[in-house]
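**Student:** What follows is a structure written as structure tokens; I'll ask about it next.
The numbers here are math on the coordinates, done by the rules we state, and not lab data. Since the structure is predicted, the reported quantities are computational estimates derived from the model, not experimental observations. With ideal geometry, Cβ positions are generated from the backbone for all residues, glycine too; neighbour counts draw on all protein chains shown.
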Amino acid sequence: MNDPTPASLLSPELIAMMDKGVSVNVSSCSLDLRPSIVRAVASALTAGCQTVTVYVARPQSRQLIQDVASTGRIAVVFSEPATHRTVQLKASGARIRCAEPSDEAVLARYLASMEQEIGRVGYGPAFTQAMLANRLEDVVAISFEPQQAFDQTPGPRAGAPLRFTRTDAA
């Protein structure tokens, strides 16, 4: 089966929304399909959303980490707090690693963005800093290549598969 490329799943506008650093929740399930979910403490996308990396705090994510390790399955929701514009990505073959010093810049960039995003709905930086505070040695990175994308913005299109079609001649 040929999986669609991330560029064919998502418009540049949605990739930009996800890449700027918005609220992210990560889920998986066990081999017997019991769900696990946790709030990410950061996220990063490679150019064109070819690879997505989400960062979770190990103390709050033990079940999720175990589920991803045993099944490779992951679903990630990116949601813009002020508008509730939401995108869900799904994939199999997710990979887990410990966060490294080179990830600190990603974590700091995400925190700065979330301070702005959460600030737009009335919460100060102290709230966001407390919500995302973690020691680097407690952070786990989970990377995957998106295989499916869905519009999860509340409304009549919620749950609809996304498929971006270029309208330019390129």
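**Student:** Put +1 on the Cβ of each Lys and Arg and -1 on the Cβ of each Asp and Glu in the chain; which of Asn25, Met131, Gly119 then has its Cα farthest toward the positive end of the dipole?
**Tutor:** Asn25
**Student:** Go ahead and estimate [θ] at 222 nm for the chain from helices alone: -39,500 (n - 2.57) per DSSP H run with n ≥ 4, summed, over the residue count, rounded to 500.
**Tutor:** -8500 deg cm²/dmol
**Student:** Of Leu136, Leu64, how do they rank once you tally other Cβ atoms within 10 Å and put the fewest first?
**Tutor:** Leu136, Leu64
**Student:** Dividing the Cα convex hull volume of the chain by residue count, how many Å³ per residue is that?
**Tutor:** 130
**Student:** Distance in nm between label sites at Asp32 and Arg62, each 7 Å beyond Cα in the beta-carbon direction?
**Tutor:** Taking the simple label geometry, Asp32 and Arg62 are separated by 1.8 nm.
**Student:** Which residue fluctuates most in the GNM of the chain (Cα springs below 10 Å): Met114, Met131, Met18?
**Tutor:** Among Met114, Met131, Met18, the largest GNM mean-square fluctuation belongs to Met131.
**Student:** Rounding to the nearest 20 debye, state how big the charge dipole of the chain is about its Cα centre with +1 on each Lys and Arg Cβ and -1 on each Asp and Glu Cβ.
**Tutor:** Dipole about the Cα centre, nearest 20: 300 debye.
**Student:** State the extension gain, in nm to one decimal, for the chain segment bounded by Thr51 and Gln148, taking 0.36 nm per residue of separation less the distance between their alpha-carbons.
**Tutor:** Answer, rounded to one decimal: 33.6 nm.
**Student:** Ok, one more. Where the centre of each part is set by its Cα atoms, how far does the stretch 34-59 sit from the stretch 93-149, in angstrom?
**Tutor:** Cα centres, the stretch 34-59 to the stretch 93-149: 8 Å.
**Student:** Quick check on the exposure proxy: order Asp32, Asp67, Asp151 from fewest to most C-beta atoms within 10 angstrom.
**Tutor:** Fewest-to-most Cβ neighbours within 10 Å comes out as Asp32, Asp151, Asp67.
**Student:** If the stretch 3-83 were replaced by its equivalent ellipsoid, with semi-axes equal to the square roots of 5 times the Cα gyration tensor eigenvalues, what would those be, largest first, whole Å?
**Tutor:** Over the Cα atoms of the stretch 3-83, the semi-axes work out to 23, 15, 10 Å.
**Student:** Same structure, new question: Return the FRET efficiency for the residue pair Ser92, Ala126: r is the Cβ-Cβ distance, R0 is 41 Å, and the value is rounded to the nearest 0.05.
**Tutor:** Computed FRET efficiency for Ser92 and Ala126: 0.60.
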